[in-house]
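First comes the structure, then the notes that go with it.
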Amino acid sequence: MSTTDVGSNDASGTASVETVDMKLEVVVIPVSDVDRATEFYGRLGWRQDVTPPGVVQFTPHGSACSVQFGANLTSAAPGSAREYLIVSDIEAARDALAAAGIEVSEVFHLGPDGPVSGLDPERRSYFSRASFSDPDGNSWLLQEITTRLPGRIEAAETSFGSASDLAGAMRRAEAAHGEHEKRTGKADPNWPDWYAEYMVSEQSGAEPPK
């Protein structure tokens with residue numbers, strides 16, 4: 001296969017790396033005790049995947065990217081990993097973790113002078129957070145995101161990692177549509193189209209329908 005087979009060509013006939021799909025598949029985290037880490041990540045409810053000997057892999061529900069660890073996978077110091085997990089409802093996610101016996105922080109948000117206890121008052125995407133760590137001290141930051149910043153998602157692409165994410169998006173669309181009908185003073189018979197446009201704009205960061 002020639003190098004021009006891996007991506008589409010630009011005007012000069014040269015392959016453009018910007019068009020090559022590169023999907024993040026696995027993040028390796030350093031642990032000191034594989035059995036202990038396996039028990040912990042199993043308690044998170046993450047799916048344990050089939051792997052070669054010496055490799056343990058878990059995939060969070062709704063995620064396209066997995067986590068791997070093992071005795072000889074990385075030379076990084078156990079506990080040195082810092083990772084992000086995206087959730088659509090930070091309170092529900094925190095409650096589920098606590099119910100599973102995971103020690104998780106209270107919800108906090110980013111204020112002008114640093115972290116502040118509680119949800120972001122405006123429930124803005126990216127601002128409400130919580131955190132937990134595995135037994136080695138590898139830290140995981142939960143971040144509530146319902147609307148992406150512009151440019152973070154392709155405008156023509158909309159996807160949901162799970163049925164619960166889709167249901168949450170539909171509930172937010174329903175609430176926003178209710179405000180839309182209040183503003184117009186009449187029922188909207190084309191609400192499915194409005195819902196669809198709202199849900200796409202929420203993911204892509206585009207201007208939502210009025």
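The values are calculated or read from the model by the stated rules, or taken from the named source; none is laboratory data. Computed from a predicted structure; not experimentally measured. Using ideal geometry, Cβ is built from the backbone for each residue, glycine included, and neighbour counts are taken over all protein chains shown.
A few comments on the model shown:
- Failed criterion for P121 (all others in (1) assigned by TED's automatic domain parsing to the domain that holds Y41; (2) touching a residue at least 60 places away in the same chain (Cβ under 8 Å) hold): (2)
- Considering E83, E91, the condition of being closer than 18 Å to Y41 by Cβ, assigned by TED's automatic domain parsing to the domain that holds P30 and out of contact with any His (no Cβ under 9 Å at 6 or more places or on another chain) is satisfied by E83 alone.
- In the range 35-86, the residue that is surrounded by the fewest Cβ atoms within 10 Å (Cβ to Cβ) out of those that are of a type in the set (V, I, T) and over 14 Å from D136 (Cβ atoms) is V50.
- Selection of the range 112-130 for residues being closer than 25 Å to G79 by Cβ and either of a type in the set (D, E, K, R) or surrounded by fewer than 18 Cβ atoms within 10 Å (Cβ to Cβ) (or both) yields G114, P115, R129.
- Hey, L142 buried (at least 17 other Cβ atoms within 10 Å of the Cβ) and of a type outside the set (S, T, Y) or not: yes
- Tally, over the range 31-56, of residues that are touching a residue at least 12 places away in the same chain (Cβ under 8 Å) and closer than 24 Å to S88 by Cα: 8
- Restricting attention to the range 15-61, the residues being of a type in the set (S, T, N, Q) and assigned to a loop (DSSP other than H, G, I, E, B) number 3.
- A single member of P150, P78 is at pLDDT below 95, of a type outside the set (S, T, N, Q) and part of a loop (DSSP other than H, G, I, E, B), and it is P150.
- In the range 192-210, the residues that are under 16 Å from T147 (Cβ atoms) and of a type outside the set (D, E, K, R): Y195, A196, Y198, M199, V200, S201, Q203, S204, G205, A206, P208, P209
- Scanning the range 88-114 for residues that are assigned to a strand (DSSP E or B) and at pLDDT below 95, we see that the one that is nearest to T146 (Cα to Cα) is L110.
- Residue selection: A64 fails the criterion of being assigned to a helix (DSSP H, G or I) and aliphatic (A, V, I, L, M).
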